[in-house]
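**Q** Provided herewith is a single structure, encoded as structure tokens, for subsequent inquiry.
What follows is calculated from the coordinates using simple rules that are stated; it is not laboratory data. The model shown is predicted, which means the values in this text are computed figures rather than measured ones. Because the Cβ atoms are built from the backbone with ideal geometry, glycine has one as well, and the counts that use them run over all protein chains shown.
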Amino acid sequence: MAEDTSTILVVSDTHGRLTRLRWILRFEKADALFFLGDGLYDLDQAILQNRVQPPYPIYRVRGNCDFGAHDPTEGLAPFGGVLFFYTHGHHYGVKASLGQLQEEAADRGADVALFGHTHYKTLRAATAATPALFNPGSLRDTGSYGVITITDGQCSFGWKQVPQDL
């Protein structure tokens with residue numbers, strides 16, 4: 001029996017780094033993308049400038065710097081047999097503690113909570129009672145973005161970097 005594998009990209013905190021985002025949208029292959037805020041305008045502009053809509057769904061939320069955006073601040077999405085809770089994180093105090101975010105995601109039945117806001121790459125493994133927590137870091141500050149591979153409902157988490165000259 002063949003394995004069922006999906007690849008998800010996770011991007012946050014672009015803060016104007018259009019070139020980096022355009023590179024990801026153009027060159028990374030994926031089955032979905034989660035955009036975790038602080039750069040929704042960048043996402044719209046990157047898609048427009050690339051002149052092609054990515055061939056996968058984009059799940060997006062607004063962050064504390066997405067002034068005037070009407071996107072939600074959080075969402076739930078099932079993908080590849082995994083339920084994702086995704087948010088920018090500022091409403092859950094993630095710069096001080098991850099406890100409130102983890103509790104909220106667990107209350108919603110999520111397997112994984114995706115968040116940004118801190119600008120730091122983070123991975124906290126799931127337990128029997130709590131979901132995994134994953135932050136891709138800031139595309140602006142470090143050039144990092146997240147890659148989640150889901151195989152038969154199991155996630156493996158990692159990070160990639162855009163080329164340094166972007």
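**Q** How big is the charge dipole of the range 99-166 about its Cα centre, in debye rounded to the nearest 20, if each Lys and Arg gets +1 on its Cβ and each Asp and Glu gets -1 on its Cβ?
**A** For the range 99-166, the charge dipole is close to 180 debye.
**Q** Moving on to the next point. Where the only charges are on Cβ atoms (+1 Lys, Arg; -1 Asp, Glu), what is the dipole of the chain about its Cα centre, to the nearest 20 debye?
**A** The dipole of the chain has a size of about 500 debye.
**Q** Could you tell me the calculated FRET efficiency between Thr19 and Ala128, based on Cβ-Cβ distance and R0 = 35 angstrom, to the nearest 0.05?
**A** 0.25
**Q** How compact is the range 25-126 by the rule of thumb for globular proteins, expressed as Cα Rg over 2.2 N^0.38 Å?
**A** Taking N as the residue count of the range 25-126, the ratio is 1.10.
**Q** Here's another thing I want to ask about it. Would you mind calculating the relative contact order of the range 31-145 from Cα pairs under 8 angstrom and at least 6 residues apart, reporting the percent as a whole number?
**A** Taking the mean separation of contacting Cα pairs over the length of the range 31-145, I get 19 percent.
**Q** Another question about this same structure. Over the range 6-91, what relative contact order in percent results from Cα pairs under 8 Å that are six or more residues apart?
**A** For the range 6-91, the relative contact order is 27 percent.
**Q** Still on this structure: Using only DSSP helix segments of four residues or longer, with each worth -39500 (n - 2.57), what per-residue ellipticity at 222 nm results for the chain after dividing by its residue count and rounding to 500?
**A** That comes out to -5500 deg cm²/dmol.
**Q** Based on alpha-carbon centroids, what's the gap between the range 65-80 and the range 98-166 in Å, whole number please?
**A** A separation of 15 Å, based on Cα centres.
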